[in-house]
Amino acid sequence: MKTILIIVALTAVALIGFGATYAMINATNHPIVDSLVSVDGDSLTAIIAGEVNYPGTYVLSTGAKLLDLINAAQGTTGNADSLAFNTDYAIENKGTYYIAPLFDNSNTCSTSPIVKTNINADDVETMQAVAGFTKTVANAIASYRSSAPFKAIEELKNVSGIGSATFEKVKTKVTLRSA
């Protein structure tokens, strides 16, 4: 009986030690609290995913830009499509931001970029052919951008007919600018 208790106690101590070590390593490699948080507590929380070194949730100062969020995630990967995001875009509290890939992540041998459509400039037919938008949605995108250009691909969710599922399907196939 003593042997079993000793084994259980040693196992518990080992698990606690490994857990503490993992937490320390995890915190130092990709902190979720960025140094941009102001002293007076004015802050916002944002999620970044896609082609960044450490995707996750970060706390930033109110008024932070997408560049601040990217820097908190320790930069973009070499596969980030710089035409698909705007570093000057103002971050919203509890917002989620996606950095699209240039090359298809499912094909490790891919040497040609993903074919994309510019949601600020391409015509309805091009948006339909490249991103797979319906004619109605492509027309809604063209109408939406006539009042103001898209500043982030996440703004597609504001267009009638584009919900979360459609956004997830097309987010790698759109850009904000042309090369």
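Computed with a 1.4 Å probe over protein heavy atoms only, the accessible surface of segment 77-179 comes to 52 Å² per residue. Over segment 64-179, with every protein chain in place, what whole percent of the accessible area is carbon and sulfur at 1.4 Å, could you tell me? Accessible surface attributable to carbon and sulfur in segment 64-179 totals 50 percent.
Taking 23 Å as the limit for the C-alpha separation, the pairs 65/135; 65/157; 65/169 exceed it in the case of 65/135; 65/169. Applying 1/(1 + (r/R0)^6) with R0 = 30 Å to the Cβ-Cβ distance of residue 142 and residue 96 gives a FRET efficiency near 0.75. Size descriptors for segment 53-149, from the alpha-carbon set: Rg then Dmax equal 15.6, 41 Å. A cut-off under 9 angstrom between Cβ atoms defines the neighbours of residue 167, and their net charge, with Lys, Arg +1 and Asp, Glu -1, is +1. Here, P(r) means the percent of Cα pairs in each 10 Å bin from 0 to the largest distance; for segment 100-179 it is 19, 55, 22, 4, 0.
Here the simple spin-label model places points 7 Å from the Cα toward Cβ, and for residue 165 and residue 42 these points are separated by 4.1 nm. Of all GluC sites (Glu not before Pro) in segment 134-179, which ones are in loop regions per DSSP and have a Cβ with at most 16 other Cβ atoms within 10 Å? Answer by residue number: there is no such site.
The values are calculated or read from the model by the stated rules, or taken from the named source; none is laboratory data. Note that the structure is a prediction, hence the values are computed from the model and not measured. With ideal geometry, Cβ positions are generated from the backbone for all residues, glycine too; neighbour counts draw on all protein chains shown. With ligands, DNA and RNA removed, areas are computed over all heavy atoms of the protein, side chains included. Shrake-Rupley method; radii C 1.70, N 1.55, O 1.52, S 1.80 Å.
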